[in-house]
Amino acid sequence: MTAPSTAAERAIARLQTLHPKGIDLSLDRIRWLLAALGDPQDRLPPTLHIAGTNGKGSAAAFARALIEAGGRTVHVHTSPHLVRWNERYRLGAPGGGRLVDDATLAEAIERVAAANADRPTTLFELLTAVTFVLFSEHPADAAIVEVGLGGRFDATNVIARPAATLVMPISLDHEAYLGDRVELIAAEKAGILKPGVPAVIGQQDSDTARAVVIETAERLGCPLSVYGADFLAFEENGRMVYQDEDGLCDLTLPRLPGRHQVANAAAAIATVKAAGFPVGQAVADAAMAAVAWPGRLQRLTAGRLVGQAPQEAELWVDGGHNPGAGTVVAEAMAGLEERVARPLFLIAGMLDTKNQVDYFRAFVGMARHVYTVPIRSSEAGVPNAVLAARAMEAGLSAEPVDSIDNALALLRDDQEPGAPAPRILIAGSLYLVGEALVENGTPPA
């Protein structure tokens, strides 16, 4: 890992030495800290609050694209970042938001740290307070805040009255903190719903999860929109059709690849509308064409790693890291295979907090081989030999290698003359994707 090079990185490095980096779900510390800062969370523009196991980052990207396509400015908070801490804070500006600059971020961090003094606040809580400071002090028409973990006790869940809440697909993840049954996790995610505030439920694979969130919304008196009942979307003739009580919209397919993105886009449209922002045909169409979300089913078309890959190979990266994400990504790869057949190879790295075997099972029958690599930017990375054993336990052919470069070199050496060029997916962790984007020379902007 490289040494901190900017004022913001140095400020965060100091916080990392003074405050716990782990997870301790509670709202008491963040509320005390925000009170010391003058409660900036109460001075935000109309805010969309998004929870879910998978898809919440994509939904935030779609919501941002929709609001900006309507000529408005919007702040966006997401986590974690891929390469730089600045990625967590996008400040709204005419013509499109920009990642916060280093000097502005460093100054906000120092103020939050001074207000906190030596209290044992977690790093995520401190950085969430930074979000509210930045978003309250810079003008914008709207804000989008993505939950970090869970919902009910997540540090972002101090917004008393958001403009709308959205719960994206729920599945098993972070069981040690949220529970080992989907209904328990759903109850935690539904904790972001507020009395009387419009609530949107995105597409759910679990009927149990959907029922838990619906029951919570009804108990709180939330005006409710549910995917499949109140709104829906589908692909037809190379277009996206969105439908709700206002009628049909015939739209450009989302720029983000994967069939699941049609449902994610629909959830964002419903949420932006529920928050009171008009979304007509022209706005929605422009948003579908403009949306961007780095590191999630992103194809790399230029850069150093692209040059290292076999000639004419496709190189993709995706940071999904739980079984639900594995299923979605595998389905997306299957969709690509239907259009252009290529042998699929995985270059995978994962954290020891994730269900590695069930993630890999989604690729059985699709991936020809898995090269497992170490994650150098996290102490929680699974050793590559252990991860290869997990992939083989799932039913895949796998071997450990030392780096992404080594995996690409093996793929080049094994390329047979006349054989279709491979489709290569670097996947399994946002940390690994961040490393890949840096090595490729294409970090998020």
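Take the conditions surrounded by 20 or more Cβ atoms within 10 Å (Cβ to Cβ), within 17 Å of V147 (Cα to Cα), among the small types (G, A, S) and touching a residue at least 60 places away in the same chain (Cβ under 8 Å) and apply them to A60. Does it pass?
For A60, the condition - surrounded by 20 or more Cβ atoms within 10 Å (Cβ to Cβ), within 17 Å of V147 (Cα to Cα), among the small types (G, A, S) and touching a residue at least 60 places away in the same chain (Cβ under 8 Å) - is met.
Table: residues versus (1) farther than 16 Å from P323 by Cα; (2) surrounded by fewer than 23 Cβ atoms within 10 Å (Cβ to Cβ); (3) not small (G, A, S).
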residue: F363; (1), (2), (3): no, no, yes
residue: R376; (1), (2), (3): yes, yes, yes
residue: E393; (1), (2), (3): no, yes, yes
residue: D405; (1), (2), (3): yes, yes, yes
residue: A409; (1), (2), (3): yes, yes, no
residue: D413; (1), (2), (3): yes, yes, yes
residue: E416; (1), (2), (3): yes, yes, yes
residue: P420; (1), (2), (3): yes, yes, yes
residue: E435; (1), (2), (3): yes, no, yes
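From (1) touching a residue at least 40 places away in the same chain (Cβ under 8 Å); (2) in contact with a helix residue (DSSP H, G or I) (Cβ under 6 Å, 6 or more places away or on another chain), pick out the condition that doesn't hold for T372.
(1)
Can you tell me which residue is nearest to A287 (Cα to Cα) among those in the range 251-270 that are at pLDDT 95 or above and part of a loop (DSSP other than H, G, I, E, B)?
Going through the qualifying residues, I end up with P254.
In the list E399, E337, which residue meets the criterion of being surrounded by fewer than 19 Cβ atoms within 10 Å (Cβ to Cβ), under 30 Å from V182 (Cβ atoms), in contact with a strand residue (DSSP E or B) (Cβ under 9 Å, 6 or more places away or on another chain) and among the acidic types (D, E)?
So the residue among E399, E337 that is surrounded by fewer than 19 Cβ atoms within 10 Å (Cβ to Cβ), under 30 Å from V182 (Cβ atoms), in contact with a strand residue (DSSP E or B) (Cβ under 9 Å, 6 or more places away or on another chain) and among the acidic types (D, E) is E337.
Could you look through the range 271-289, keep only residues that are among the aliphatic types (A, V, I, L, M) and in a loop (DSSP other than H, G, I, E, B), and pick out the one that is nearest to the chain's Cα centre (by Cα)?
A275
Which residues, counting only those in the range 95-134, are touching a residue at least 12 places away in the same chain (Cβ under 8 Å), within 19 Å of the chain's Cα centre (by Cα) and more than 15 Å from I30 (Cβ to Cβ)?
G97, L99, V100
Quick test for you: out of E331, E399, pick the one residue that is at pLDDT 95 or above, assigned by TED's automatic domain parsing to the domain that holds L425 and in contact with a helix residue (DSSP H, G or I) (Cβ under 8 Å, 6 or more places away or on another chain).
Values: E331 fails: at pLDDT 95 or above.
Only one candidate passes the filter, namely E399.
Report, by residue number, each residue of the range 377-414 that is within 19 Å of E435 (Cβ to Cβ) and in contact (Cβ under 8 Å) with a residue 60 or more places away in the chain.
S377, I404, D405, A407, L408, A409, L411, listed by residue number.
Quick one: in the range 82-104, of everything that is buried (at least 19 other Cβ atoms within 10 Å of the Cβ) and touching a Lys or Arg at 6+ places or on another chain (Cβ under 9 Å), which residue is nearest to I426 (Cα to Cα)?
R90
Residue check, L127 against (1) surrounded by fewer than 20 Cβ atoms within 10 Å (Cβ to Cβ); (2) in contact with a Phe, Trp or Tyr (Cβ under 8 Å, 6 or more places away or on another chain); (3) outside any loop (DSSP other than H, G, I, E, B), all met but one. Which one?
Only one criterion in (1) surrounded by fewer than 20 Cβ atoms within 10 Å (Cβ to Cβ); (2) in contact with a Phe, Trp or Tyr (Cβ under 8 Å, 6 or more places away or on another chain); (3) outside any loop (DSSP other than H, G, I, E, B) is unmet by L127, namely (1).
Condition check: crowded, with 21+ Cβ neighbours inside 10 Å and out of contact with any Gly (no Cβ under 6 Å at 6 or more places or on another chain). Does A266 satisfy that?
Here the answer is yes, as A266 does meet what is asked.
The values are calculated or read from the model by the stated rules, or taken from the named source; none is laboratory data. Since we're looking at a predicted model, the values are computed, not measured. In this analysis, Cβ positions are derived from the backbone assuming ideal geometry, glycine residues included, and neighbour counts consider all displayed protein chains.
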